[in-house]
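Have a look at the structure below before the remarks.
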Amino acid sequence: MFTYHSTRSEAFPVTPKEAIQRGIAPDGGLFVSDALGETQLDISQLANMDYRAIARAVMGALLPDFTESQINRVVDSAYRGTFTSEEVTPLVALESDPDTYVLELYHGPTSAFKDVALQALPHLMSCAVADTGASERVMIVTATSGDTGKAALAGFADAPGCGITVFYPAGKVSAVQKLQMTTQEGANVSVCAVEGNFDDAQSEVKRIFADRALAERLQSEGIALSSANSINIGRLIPQVSYYFAAYAQLLRAHKISCGDAVEFCVPTGNFGDILAGYYAKRMGLPVSRLIVASDKNNVLIDFLNTGTYDKDREFFTTTSPSMDILISSNFERMLYYLSGNDCALVSQLMDDLSRTGSYSVSQELLSAIRAIFDGGWADEDEVSRAIRSCWEKNRYVIDPHTACGYHVLTSTEKCPDSAARVLLSTASPYKFPRVVAQSLGLFCPPNDFACMDVLQKATGTTAPTALSSLPAREERFHDVREVAQMNAYVERAALDLAQH
Ligand SMILES: *Cc1c(COP(=O)(O)O)cnc(C)c1O
């Protein structure tokens, strides 16, 4: 039986569908499967497979309780006609950086890489909810600092059996991000600004999930709360596909031969994106090395250098907000696998982290990690210079998150056994037009949409229509609440969902 269990205990195995529905294990650990890698993808066939064929193979291997026709439906709903590129995640060669390619993950509806997972999760969730026999509907509740909220809204809008409520900190997201959320269509979506910062909203969402009385009231109406958080295996697994898709494109372009090793450099926050690369390696993709790229919040890089993870440090708000993270949740899964599936150890380390703010691993475990993962980080001057130098050398525009990766990749020696280096690009530069235009030394008008125009004219690139057309769209949501009112807001939205 292919089951998932917590990183912290093997006691309660669940099916893949249950793991998706629950999101997080009851003991606070993350769901993992010891069968990872038992099914290998045949890389000799990759060159003949398009993105959807690869996604079907990956999901079929890791979610074996979904039927073939369910997987087909999920993959078609997620990736047919939803991304603006035929390749879904196209690979682009950088002309002046030898053997270096960029995998553009941002051609989905919200122009951020989270679309790849969040276009699939709602369909996986609907299927899981229907098949686990629960007569419940699921209300997704998310606090966002900007990107996740919109990608989750776009994914869950009108998803059968699901509703979604998103909270964002009032006045603390960019004009583009705010409009992206407040113009969201769909009968099952709610968007609300919160008087407070992201951490206030996030902490309250955690309290709402832990509110037993609320859960019981909603249960009697047939509603369960869940999250679209990046620790859900339904978000992690769809991301494995694009590592194989990058390799397939390199093969088709005759840049590598079948079996050649490739290294990937990944702008990292919660460690979900890069962990998917590790899963791909375990499933047979020839990966020589995975390079973690951090911004000034470089807790992971310190860990790779010392073996000590210490979250008690200054938090920096940077130009790459989606990487401003001190607790990289998915790192726990990496610790599980690299320690040889040692639940007791992971449980101990996570306990140390929550009690003392840090943990340390043995030299042996650190060496095992370092044999696969390398890393570096960029401060904000380096990010800005990376945007400029990538443009000057390659005539290629990158966003600040991707720029952290570009800085790290270009300042790291290529692995001798890597035939190609692939930088994962996690957002369209037009999501952050001001930072990008400033880095290129352009004049920036106060309005972000005017900045987009400046960027288009100066670089000859085109902003995604979904972003440039935002000012013309009708804002549907004007709700603003105090933190203390969020609980009631969720209950109201959930009861509305029950009525539908
Ligand atoms: C979420 C995000 C990241 C970080 O990805 P993780 O999976 O959390 O490591 C990087 N860049 C952008 C633009 C993002 O939205």
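Entry note, the chain: the mean residue ellipticity at 222 nm calculated from DSSP H runs of n ≥ 4, each adding -39500 (n - 2.57), is -13000 deg cm²/dmol after division by the residues and rounding to the nearest 500. Among LYS255, LYS393, LYS457, LYS150, the order by Cβ neighbours within 10 angstrom, fewest to most, reads LYS457, LYS393, LYS255, LYS150. One equal scatterer on each Cα of segment 89-244, no solvent, Debye formula: the resulting log10 I(q)/I(0) at q = 0.12, 0.16 Å⁻¹ is -0.56, -0.93. The Cα center of segment 429-497 and the Cα center of segment 310-367 differ in position by 32 Å. Computed over segment 216-269, the Cα gyration tensor eigenvalues convert (square root of 5λ each) into semi-axes of 41, 12, 7 Å, ordered from largest to smallest. Of all lysines in the structure, those lying under 24 Å Cα to Cα from LYS296, and not within fewer than 8 positions of it along the same chain, are LYS114, LYS172, LYS311, LYS414, LYS431. If you take all C-alpha pairs in segment 437-500, what percent of them are over 19 Å apart? Every Cα pair in segment 437-500 considered, those over 19 Å come to 57 percent. Length, then width, then depth: along the principal axes, the Cα atoms of the chain run 61, 54, 48 Å. Residue order for PHE198, PHE113, fewest other beta carbons within 10 angstrom first, comes to PHE198, PHE113. Scanning the chain for GluC sites (Glu not before Pro) in DSSP loops with at most 16 neighbouring Cβ atoms within 10 Å leaves 315-412 as the longest stretch between them.
When each of SER145, SER69 is scored by the number of other beta-carbon atoms lying within 10 Å, the sequence from fewest to most is SER69, SER145. Using the Kirkwood radius built from alpha carbon pairs, what does the Stokes-Einstein equation give as D for segment 344-456 at 20 °C and 1.002 mPa s, in µm² per second? Result for D is 128 µm²/s.
Readers should treat all values here as calculations from the given coordinates under stated rules, not as data from a laboratory. Bear in mind the structure is a predicted one, so any value in this text is a computation, not a measurement. Glycine also receives a Cβ, built like all others from the backbone with ideal geometry; neighbour counts cover every protein chain displayed.
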